[in-house]
1. How do the pairs read when you match residues in the stretch A:1-30 that are at the interface with chain B (Cβ under 7 Å from one of its Cβ atoms) and among the basic types (Lys, Arg) with residues anywhere that are part of a helix (DSSP H, G or I) and surrounded by fewer than 12 Cβ atoms within 10 Å (Cβ to Cβ), using Cβ under 9 Å and keeping only pairs 6 or more apart or on different chains?
2. Taking the stretch B:37-60 as the search range and keeping residues that are among the charged types (D, E, K, R), more than 10 Å from chain A (Cβ to nearest Cβ) and assigned to a helix (DSSP H, G or I), which one is surrounded by the most Cβ atoms within 10 Å (Cβ to Cβ)?
3. Would you pick out the residues in the stretch B:137-147 that are out of contact with any Lys or Arg (no Cβ under 9 Å at 6 or more places or on another chain) and of a type in the set (A, V, I, L, M)?
4. When both residues are 6+ apart or on different chains and their Cβ atoms are under 6 Å apart, which pairs have a first residue that lies in the stretch B:109-121 and is over 24 Å from A:Leu154 (Cβ atoms), and a second that is in a helix (DSSP H, G or I)?
5. Quick one: in the stretch A:1-28, which of the residues that are exposed (fewer than 14 other Cβ atoms within 10 Å of the Cβ) and among the hydrophobic types (A, V, I, L, M, F, W, C) is farthest from B:Glu112 (Cα to Cα)?
6. Looking at (1) assigned to a helix (DSSP H, G or I); (2) modelled with pLDDT of 80 or more, can you tell me which one B:Arg108 breaks?
7. Could you tell me which of the residues B:Arg76, B:Arg68 is closer than 23 Å to B:Cys124 by Cα, among the basic types (Lys, Arg) and exposed (fewer than 14 other Cβ atoms within 10 Å of the Cβ)?
8. Hey, A:Thr155 hits all of (1) at pLDDT 90 or above; (2) polar (S, T, N, Q); (3) more than 18 Å from A:Ala215 (Cα to Cα) but one; which does it fall short on?
Amino acid sequence: MSQRLARLADAPLEIAPLLAAIEHRLPRRPRSLALVPGPLLGFWHWLTPLRTTAVFAIFGLALVILLHLSSRPALASVQMLVDFHHHMSSATGHCLPADSAASANAALASQAFDAPPLPDFAATNLTPTCCCVHHQGNCPVSCLCCCQADGCRLTLVVGDDRRIRPPAVPSRNIAGLSCQVASLREDNLCLMRHGDRWVCLIGPVPLERLAQLAAALRW
Amino acid sequence: MDVPDATRRFYNLIVPQAQSVLRVARCLVNDPAEADDLAQETLIRAFKAIDSFQQGTDVRAWVMAILRNLRIDRVRAAAAGIRTVSLDNSAVDPVDRSVSGPSWDHPRQLLEHFSDQDIISALCQLPEDIRWTLLLVDVEKIDQAQAAQVLDVPVGTIKSRAFRGRAMLRQALLPLARQRRWIS
C-alpha cells in the first residue's frame, strides 16, 4: 500500500496557476534565479587557479569513467522485470494490442526499430493481449502480455544480450530443462537464452509452469 | 542589482515544494478551490517566515508544518459545519468484522488496478489525522521522525497511524474492487 501511495507523487501537478495567483504578493522572480541555483552564484568567487585545475581534472576523470561505462551493456534486474510485468498486466501507457507473434513484432518495431523480436509462442497456448517496448537507459526490451486459459496474466520479456544483460540469478534444472530462476513476492521468473537473445517469463505461477512455457517457445 | 536573500531562498527552496503542497492540500480538502487557496496561503506564509527556516533541515517538512498549522487555523475558524471527521468518529472502521470473505491474494497486482483518483477518493474517506500521516510518510516520503514533528505527535503515534491508515485504505478500496469484479 505504501508503494502505491508513493506513486501519487509521480503524477505531475501544474503549479503555474498557483504561482500566478500569488505573484502579486511575492517579490518578482529575478532572472538570475531562472537557471542558476542560489549557492552557485558565489561559485566564481570560490575558484582559484589550483581549484580550477582540480575541478577540471575531476570532471575529466568522471567523463572517462562515464564513456567507459556507457560502452558496456546495461543490466536488467529482477525488480525491473517484475515492474515490467506489472505495467504490462495493467495495460497502461503506451501498450499496443497484439493478437499474434507477427502482429506483436510489427507493433514493437513501430515503437523501436531495434526492439528484439519475440519468438513464436503459438505452442504455449497463451493468448497475447498487448505489447510494448521498455527501455533500460537506451537499451530496448520487448514485452508481451499474455493470458493463460484461467485468465492469469504472464509477461514475456525479450532482450538482446549484447545490449542488456539479464539478471544474474541461479540456474536450476526443472523437469530436465536448464533455466535461470528467481522469485519476487508473488511473482516467479524463468529465464532462458537463445543465441544472443534472452527471454524471461514472469508471472504468479509456479516455476515449473514457466519453464514448460519457455521450452515451448520457437525461435 | 543584488537579489534579496529572502527572495532567493524562497525561489530556491520553497517553490520546488509547491507541487507537494498542492498535492497534499487537494487530498485534505474536498473543494478544489479551497485546496488551491490553502496551498497559496501556505506559500505566502512560507515566504514571510523564510528567515526562520534553518538551512540544512528538511524544507519539505518545514513547509508541511506551515500547511498543517494553516489548516488547523482554518478548521478552528470554521468550527461550525466543517466536514472533517475526527479520529474517534471515523467513517471507515478498521476492525469492521462484518467484512469477511476474500482477502487481497495479490495485493500489489490489485492495487495497480486502482487509478490515482480512486486512491485519493479513498484517502479522503479517512480521518484527517490518519490522512495527514499517510500523505506525509507514504506520499511525500517524509521521515517518520520529521512527520512526528510536523503533526506534533510522538513517533510511535506516526507508526501506528500509518499502519492503521494503510489497513483503513485497503478497507475503503475493497467495495470498489468488488463493484468492479476484481475480486469475488
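1. Correct list of pairs: A:Arg29/A:Glu23.
2. Residue satisfying both the conditions and the ranking: B:Arg60.
3. Once the filter is applied, which keeps residues that are out of contact with any Lys or Arg (no Cβ under 9 Å at 6 or more places or on another chain) and of a type in the set (A, V, I, L, M), the stretch B:137-147 yields B:Ala145, B:Ala147.
4. These pairs meet every condition: B:Asp116/A:Leu8; B:Ile120/B:Cys27.
5. Once the filter is applied, the top-ranked residue is A:Ala20.
6. (2)
7. B:Arg76
8. A:Thr155 satisfies every listed condition except (3).
The values are calculated or read from the model by the stated rules, or taken from the named source; none is laboratory data. Everything numeric here is computed off the predicted structure, so don't read it as measured data. Here Cβ is always computed from backbone atoms with ideal geometry, including for glycine, and neighbour counts include all displayed protein chains.
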